[in-house]
Amino acid sequence: MPVGGEWGVLDVNSPTDPGQFHIDVRQTFKTDDGAYIQVIEGGSSQLDGTSYATMRFDTGSAKYYWMNNVVAFGELHRLEDGRINIDTFMVSYVSSTCLCYTNEVFSQLGTPPK
């Protein structure tokens, strides 16, 4: 099974940042228990060189179905060996008037955070 693909675009015509990179990534992962989860990422590099992405998760697995409703974002970091690491965060409600960014990393899938 192919893992996914990247359709990034380098924007050389940007008036504020010629060379701005726009991220468009689709990946499919198989969990240890056999479920498939697709991750769709999109975002852009910033003037200071950092890159951020929003993430959407799609799965038909009953165990991980809660991820279909997750609002997530990540900050991309290039590792020394050239690979890219994404620190991923989930946005969750604390009350009806307050939002809090939680530091849940999706490397360990399980029940949704409370």
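FYI, it's all coordinate maths here, none of it is from the lab. All values derive from a computational prediction rather than experimental measurement. With ideal geometry, Cβ positions are generated from the backbone for all residues, glycine too; neighbour counts draw on all protein chains shown.
When you filter the trypsin sites (Lys or Arg not before Pro) in segment 51-89 for DSSP loop state and at most 13 other Cβ atoms inside 10 Å of their Cβ, you are left with R83. For segment 1-96, the set of chymotrypsin sites (Phe, Trp or Tyr not before Pro) satisfying both a DSSP loop assignment and a count of at most 14 other C-beta atoms within 10 Å is given as W7.
Rg ratio for segment 4-102: its Cα radius of gyration over 2.2 N^0.38 Å, N being its residue count, equals 1.24.
Model label sites at N68 and N85, defined 7 Å from Cα along the beta-carbon direction, differ in position by 3.3 nm. A cut-off of 5 Å between modelled amide H atoms, ignoring neighbours fewer than 5 places along the same chain, links G8 with D24.
Going by how many other beta carbons lie within 10 Å of each one, how would you line up V25, V12, V91, fewest first? Walk me through the intermediate numbers first.
Values: V25 18, V12 9, V91 13.
With the fewest neighbours first, V25, V12, V91 line up as V12, V91, V25.
Taking the Cα centre of segment 4-102 as reference, the dipole from Cβ charges on Lys and Arg (+1) and Asp and Glu (-1) amounts to some 340 debye.
Set the Förster radius R0 to 30 Å, insert the Cβ-Cβ distance between T28 and D48 as r into 1/(1 + (r/R0)^6), and round the FRET efficiency to 0.05.
The pair T28/D48 has a calculated efficiency of 0.40.
Within the set of other residues whose C-beta is less than 9 Å from the C-beta of N68, count the net charge using Lys and Arg as +1 and Asp and Glu as -1.
Values: positive: R56; negative: D58.
Counting the neighbours of N68, the net charge comes to 0.
When H77, H22 are arranged by Cβ crowding within 10 Å, least crowded first, meaning fewest neighbours, the order is H77, H22.
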